[in-house]
Structures are given as structure tokens and as C-alpha cells.
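Below: the structure, in C-alpha cells.
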Amino acid sequence: MTSASQTAPQRGGVGEAASIEGLHISLQRDGVRSNVLRGVNLTIGRGEIVGLVGESGSGKSVLALALLGLLPSAAAPEITGAIRVAGVDIVHGSAEELRTVRRDELGVIFQDPMTSLNPTMRVGRQVTESTHDHAEAIRLMSAVGIADPELRFRVFPHELSGGLRQRIMAAIAVAGRPSLIIADEPTTALDVTVQAQVLDLLRELRDEFDCSVVLITHDLAVAGQIADRIAVLYAGRIAELGSVSDILHRPNHPYTVGLLRSRLSLETPRDRELLTLRPETGSPGERMTGCAYHTRCPLAIDRCAVEQPPLEQGGIPAADAHLRACWRSINDVQNLAHHSQGDSVVTPRTRNEAAAPAVRVEGLHTRFVLKSGGRKRREVHALRGVDLTVQAGEAVSIVGESGSGKSTLLRVIAGLTPATSGSVALAEGGAQMVFQDAGSSLTPWLSIGELLRERLLPLRLGDAENRKRIDKALVSIGLPLSVAGVRPADLSGGQRQRVALARATMIPPAVLLCDEPTSALDASLAASVLNLIREMRQELTMTVLFVTHDLSVARLMGDRIVVMTQGEIVEAGPVNEVIEHPSHPYTQSLLASVPDIGVLA
Amino acid sequence: MTASTNIAARRLGLPTSALRLHAGNRLSFAIVLLLGLVTVVALLARVIAPYDPIQSVGGLNLPPGSPDHLLGTDAIGRDLLSRTLWGIQVSWFASLLIVATGLVIGGVIGTLAGVFGGWLDNLLMRFTDLFLALPGTLVAIAIVAALGYSLQNTLIGIAVVWWPFYARIIRGEVRSIAARPHVEAARLAGISRPRIVLRHILPGVVPTAIVTASLDIGNVVLLLAGLSFLGLGQSAPAPELGADTARSLQQLLSQWWVPLTPGIAVLLLSLIANLGGDAIRTLMNSKR
């Protein structure tokens, strides 16, 4: 606590909007109690934007709920330590006090505005619920950048785009003139071009309404764009806390270094293996003693395993403290940061121009009829004349925002969605697909071994040969053979995506279709899955069609990039050409909105 | 949560998560055990029953608590405990049989409709709607009237009107699971259609089917008792809960225990079945 509270607020008035002292929270899930937060100290100054960055499971969302006093009672939370928002004790406060604080001092923006807005209520009324005044609601709606607020006042949430919905959430959040806005992954569900706008909006709201913001995100670059300070959360503790430039350019904790290095950008070397964090190998018990990161830390020493490092200032004391919880010296950590090249080199593979193309799509149109109640029928023209030829052995990235038709194109190629007109020709071997959400693409009640074995059934190989092939597939994706006996729910997200990859490639297909396979994964896991796809592609000389919304991923995964919007291909070409000299305005706007933190200093 | 329930679930091909026990679910678990106890009592009724339920074995209209006759005797000296136990056996297994039949017929129709969709779906579901539109109890009575009075015909009568409910529920569940990505992934993996249905869709329907069926047992117990009260069940000397109540109803004011004993047994059976259904739902939902 001592050092954290000394941190001077960055801007705005004096004092603090909220403070967290020695916060421990344990929650119960399925009868098992786990310590989600393990001693968090943090002060949020008035008018300050604090970015709370962590991977899934770091406890960042629990911290947000705790600040709101909204921890689910079903999880039987046990809280020690103190949370104070505008002087009110959130941990011990009465329901009445909490309600008052939430009404007068707190605003909240959740990840998915579709589920946090009431779908049966016009958005204007939802804003008015907080303002109690029509004129004020209109004023707020225009303040958050909604054009024609009078008109939009009367629509339902589903009639708005994701970005506009998030703006409505923001209008509601600032309606009570809060001193603190908690934004939990406010941009994660949005397209990249909208993301930047929503982040700007948060900063504008801070300036206009003079409130503090806690921005919770898994992406250091998102926090870097608008935050004053960043707290990096790992396994329920703050690993490092400092100003944005300190964290992004002078990271003093090996975990922050790892996060930064595994982050993909438009500068990531294409010909090298992507850097990843070491996978978790320790048991939960091991992680709970000493530094939680020691089982994965490349710099771990004996002391890390037994003694928990305190969050304290290293180096020269400065006005805004840069705190870190690590036993190693700052020099050691910075050396790690500078040694930042992937080891093995990915050799460019040869494209087989002579062979027949792996995929040939011609004049593809796909229309869906959406029945929207009663006799109203709405037609969606998802693909409007797509032509695409992919040579055998080639990798093509398809980039576009939601609704661009990129996923529909993959599904039509896979044969999951019928084409309205046009043709799709595949080379022998057919298509296999890796889905965005590996969890839901694996049958939950079958074991991994059974799922893989089913793929081999048509070959009629016999039990012994099947087992050999399954073992080989598991080895190739870097999972222990014992995984064959467990179910998908027992694996982590990254492991599930690996299994999905193994299933798709254990009989090499003519083309591997990847539908945003890493967008639901933490940065480091995503990088390791991308590495695996690239490795497999090399080994099996596989053709890959890789759909993504992220240009930096598209750049790494493809030989060519195809940009789609509104069901059409608007730009296509070799990766370097598209990235460096985008010709279509849409590509240019996509490029401009890639959040970036610059090269590590 | 325990390893043994997981193994049991795997044997049954059920999602393990469905059987995981929550620490706070001990009450539900106890109620499910009660359901098992009723089944054991019904199973062993002929062994437990102290007397032949059809023979006159003691004094007439002995009150409950009499020596040798725990629940008393009826107007012709038959042991009420023995009659009730036999009656429970008939009611309980007949109800289970009807629910199981409904589940199987409805399950097959619902699965076919859900998997194939299109015109077959339309045909099967309109046929189902037709049956749903008929007043079930009346149709059952009509069928018994046509086929003749017997327990067997009563069961046939109820079974005929009992499946449409299941067909609807299972079709809906099959369709929702069939639209999930894991089924698409299985299709892409080149797995045959029957295998997809059996391995990738139906196991997901099992929890819903079990919960729906267990909540339904109580209804059937009541319906059966009601029909046999009206005289559409076992013929005269055989013990049956509804019929026994009806036959001795004129004794209600003089020897209340004679009609009330089988009546209370029906009440308890139906209550336990409903609580059991609720408990099963709680247990299965705790991890979904």
C-alpha cells in the first residue's frame, strides 16, 4: 500500500476518485474456492485514466465488479481489504449506500452493449432513466457523438450499430455526473475502425465531465492509446504499475516485457517465429507460493519460487512512481526486453504454380433471407460477385470488418453455406476449417481422443494405427498424449484451438480454412497458435485461407492479402504491397486504425 | 464434481458436466434419493406387503395403528397397507412406462424432424400439432371405452396422447444443438450423418429429456389415478389407488382411513415425483 498511495494524480483536481487497499477477493465456482485477487493496491486520481491490463484469468473483471460493488452473491465472494469510491467503503457499505454511490459516483460501460442495454426499451428512455430529463438525455446523446439524437431517441438497441450502442452506454454512464467510469473491455466487441472512435470518446468524456476512468482491457496498446497510467495485472496481483510511456517503453517486469513482445504489430518480422510467453507449466499450488509468474518467467531465480516480491519502486524515485513486483534487477529485465528476436527463421515456402489451384471461386453470390417476424422478409446480400483463386501451397489472408462477408466466403468454400450463384472448385482433399471459438467447435461430451479418432474412421486403419496417428497429431500440436483422455472443457482456450487444428490437419486437406482462429485468445496464446499454423503449413505444404479482422495478423499469415467489405473484394495483392501502398480508401482506413504502441525503446 | 460421478456419466455417454454436484445441492440430491427409494418400494411391494391384498385377512374396518394391520383394514377385512403397496407398484411403474414410451416415440419423431428439417419436419410437426390439439384425457377415455376396460388399454390410451409433448421439446433441442459449431465441425470432418446424430447431437439432448420426463411423472401418476377413479383401470378385486378411493368413498365420514389411505399415497407419489423432477433439474443446471 505504502508506495502506491504516494503516486500523485496525473491531472485534474486534487485527491483521489477511488482507492483500493490490500484487496483480496476469493470466489467460489462449482464448489471450489479460488483466490482471484491477492493483495491489490491502487489509487485512481481525479480525472485520471488508469488502464488495467491483464490476460484472461488475471482478475481484472473481478476488480471492476468489486469497484461497482456488484460481485455476484452466487460466487460467495470473500473480501478483505478496502475499496473506497468517493469516500464510501464499498466492501462494508449497506445496500442503500452502495446504491447511492452507484447512482451518483459511478458509471459503467460493459464489453457488449447488446446484452447490457435493455432490448425491449427505446434507447432514449434508457438514457432518460438516468437523467430524468428529456432535454438532458438529448444533450448527452449528442455529447457522446450520436448524430440526430432526436431521431435516434426512439430506436431500439438492435437498430443501432455496435459503435452507436456503445455510445448509448457511454451516455448512460455519464448521465449521473459520475466521478468514476468503469469501462470493462469497451472496445473488444467492436470493429477496429470503431474501436479508435470509442477510445477517443472515453477521453473526451473524461475531459468534458471531469471524471476518472478505469479502462479494463487485455490489450496494452488499447490502454496505451488513452490511459495516463497502466497497471499490469497478473494472477490477481499488480505486476507493474507506471505511466504509459514507462510501461510501454521501459517495462520493468518480465511479464510486461513478455506481453509487449508477444503483441503483434505491423512491424513484427514476418520471417521469424512469433515470440510467445512460456506456457504455464506449474500447478496452481506452485503458482500460489512466491511470485505467481515464476513458473513462466525466463528470468526466474530460486527466490522467486518461495518469496512473493512486493510492489515497489525500482531505480530512481520520480514524481510519478513506476512500481514493479519483481526480484530481478531492472537491468536484467531490460536486457530481456532488448533480446527480442524470434529464434528459428521461417523460410518462405514454394508455391506450386504448375499444379491446379487449390481453390477457385468464380462469380460467387450469396443471399440470405432473414425472417424478421410476421411477413417482413429482409434479404442480406452477403457476397456480391467474389472471384478468388488460391494456388496450391499459397496462403491468403482475407481481411474485413464484421459484415464484410469474409466468414460467409469461408463457409461457402467449406460447403457449410450454399451459394446463390457462382462456382467453387476445390482440389482433391477438400477443405477443413478451424473456427473462431474452438470451445464450441469441439463436441463437449466427447473426449479429445474420440474427436480425433472420428476423423480417421473413413480410412479404416484399425485400432493400433489409429492410436499411432492420434499420438502423432497430439505431438505435432505440442500437447501431452494424456490429453486424448480429457474433454474439451478441461483444456484451456489455446489448447482447444490446437486440438481443432490437429483435427483439421491430421488428414491434410487441400485447403485449411481459418476463421479468426485466434481472435478469442490472449495475445501470447494467439501468437503460439499462429506459429503452429505457420509450422504446419510448412511441414504439410498446405494451402491456407486465413480470415481475420486484424491487419497485423493478416500480414503475418498470408503471402497475399485480400480486403473485403460489403461482400466484395476491394483490394488484393502481395502482403507488402497492400500494407505499404494501400490503394483502396477502405484499406487505408483499416491500416490507420490498427492500434499500435511503436517499437520497443 | 467427484470422479465417480464423472466416470458414471461417461459410461452413460452423458455430458459429465450435467452430473457434477454442487456443494449447495445436497437437498436436491437427497430428494433424488427419495425418488430412488420410491422405486425400490414399488419394486419390492410384493415382498414387503405383509398380507395378500385380495384376501380378507382380519376384522372389518380396523382403524390405522391396529395390531397386525398398520394402516387398518377395509370394509371386507383386506389389509390396507398391502393394498396400498401393491397399488403404488402398479401406479409407479405404469407412470414410468408411459413417460418412457412418450419419450421414445416423441424422441424418435422429434429427432427425425429436427435433423432432417424441410418437408419431413413440417409433416411430422403438423401431425404432432394434431395430437396436441386433442384433449388428452378425453381421447384416452375414448380409446379405453373403445378397446374395453383394462389397465393395459388405459396405458395404451394415455401413451397415444402422451408423446406429442416430447416430440416438440426434443425437436427444438435437436435443432438448437444441430446449429452449433461443433456439429458443423463434425460435418466438415467427414463424419457420417447417423454418427453425427448419435454422437454429436443426441447426447446433448439427454439432460433436457431427463429433466422434462422426470417432471412429467407426477402428471401421469395423477392422470392414471384419475382415470382409475373413474373406473377405467384394473378390474374389481385388484388393488389400485384411484379405484380403491372411489370404491370406498361412501365410507369417508364413517371410516375415513379406508378411502384416504390410497388417496394420500397418490398425493405423496405425485409430490415426490414433482420434487424429484425439480431436484434433477437443479442438479443438471448447476453446471450448464
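Remark: spin-label model distance residue B:256-residue B:30 equals 2.9 nm, labels positioned 7 Å along the Cα→Cβ axis. Each label point was placed 7 Å from the Cα along the Cα-to-Cβ direction; for residue B:137 and residue A:158 their separation is 3.9 nm. One chain, two ends: residue A:70 and residue A:249. Fully extended at 0.36 nm per residue, the span grows by 60.9 nm beyond their Cα-Cα distance. Can you list residues from other chains, or at least 5 along the same chain, whose modelled amide H is less than 5 Å from the amide H of residue A:268? For residue A:268, whose amide H was placed from the backbone, there are no distant partners under 5 Å.
Neighbours of residue B:113, meaning other residues whose beta-carbon lies under 12 angstrom from its beta-carbon, give a summed charge of +1 when Lys and Arg score +1 and Asp and Glu score -1.
Overall, chain A carries a charge dipole of about 1400 debye about its Cα centre when +1 sits on the Cβ of Lys and Arg and -1 on the Cβ of Asp and Glu, all other atoms neutral.
What is the list of residues in segment A:79-96 whose amide nitrogen lies under 14 Å from a point 7 angstrom out from the Cα of residue A:21, following Cα to Cβ? The answer is A:80-92. The stretch between residue A:332 and residue A:539, if pulled fully straight at 0.36 nm per residue, gains 70.9 nm over its current Cα-Cα span.
PRE reach from residue A:267 (point 7 Å along Cα→Cβ): which of segment A:186-221 fall under 19 Å by backbone N? Output list for this probe position: A:219-221. What does the charge count around residue B:84 come to, taking other residues whose C-beta lies under 12 Å from its C-beta (Lys +1, Arg +1, Asp -1, Glu -1)? The answer is -2. Here's how it looks for residue A:543: its modeled amide H is under 5 Å from those of A:393, A:512, which are all 5 or more places away or on a different chain.
Here is how the number arises for chain A: DSSP H runs of 4 or more residues each give -39500 (n - 2.57), the sum is divided by the residue count, and the result at 222 nm is -10000 deg cm²/dmol.
The ranking of A:594, A:399 by Cβ neighbour count inside 10 Å, starting from the fewest, reads A:594, A:399. Label separation (residue B:267 vs residue A:472): 7.0 nm, computed from points 7 Å beyond Cα along the C-beta direction. Along its first, second and third principal axes, ordered by size, segment A:389-592 spans 55, 37, 28 Å in Cα coordinates. Applying 1/(1 + (r/R0)^6) with r as the Cβ-Cβ distance of residue A:56 and residue A:150 and R0 = 45 angstrom yields a FRET efficiency of 0.65. Taking 18 Å as the cut-off, the amide N atoms of segment A:560-578 that come nearer than this to a point 7 Å along the Cα-to-beta-carbon line of residue A:384 belong to A:563-572. Residues whose amide H lies under 5 Å from that of residue A:422, counting only those 5 or more places away or on a different chain, are A:365; hydrogens are built 1.01 Å from N in the peptide plane. For residue A:457 and residue B:39, FRET efficiency with R0 = 35 Å and r from the beta-carbon atoms, rounded to 0.05? It comes out at approximately 0.35.
Cα centroid separation, segment A:182-229 to segment B:32-111: 68 Å. A quarter of the convex hull surface defined by the alpha-carbon atoms of chain B gives 17.9 nm² as the mean projection. Taking θ as phi - 60° and the Karplus parameters 6.51, -1.76 and 1.60, the scalar couplings of segment A:153-168 work out to 3, 9, 9, 8, x, 5, 7, 9, 6, x, x, 5, 4, 5, 5, 4 Hz in sequence order, x denoting glycine and proline. Helix content alone sets the calculated 222 nm mean residue ellipticity of chain B: runs of n ≥ 4 DSSP H residues at -39500 (n - 2.57) each, divided across all residues, give -23500 deg cm²/dmol.
Got a sec? How would A:60, A:472, A:406 order by Cβ neighbour count within 10 Å, fewest to most?
Starting with the residue having the fewest Cβ neighbours, the order is A:472, A:60, A:406.
If you bin all the Cα-Cα distances of the protein assembly as shown at 10 Å, starting from zero, the percentages per bin are 2, 10, 16, 19, 19, 14, 9, 6, 3, 1, 0.
By how many nm would the segment from residue A:125 to residue A:428 lengthen if fully extended, with 0.36 nm per residue of separation less the alpha-carbon distance?
On the way: separation 303, 0.36 × 303 = 109.08 nm, distance 5.72 nm.
Contour length minus the Cα-Cα distance gives 103.4 nm.
Remark: mean inter-chain Cβ contacts per residue of A:445-454 equal 4, using a 10 Å Cβ-Cβ cutoff to other protein chain atoms. What the Cβ-Cβ distance of residue A:103 and residue A:305 gives, at R0 = 45 Å and to the nearest 0.05, is a FRET efficiency of 0.45.
Just so you know, all these numbers are worked out from the coordinates, no wet-lab data involved. What you see is a predicted model, and the numbers here were worked out from it, not measured in a lab. Neighbour counts are summed over all protein chains in view; Cβ atoms, including those assigned to glycine, are modelled from backbone coordinates with ideal geometry.
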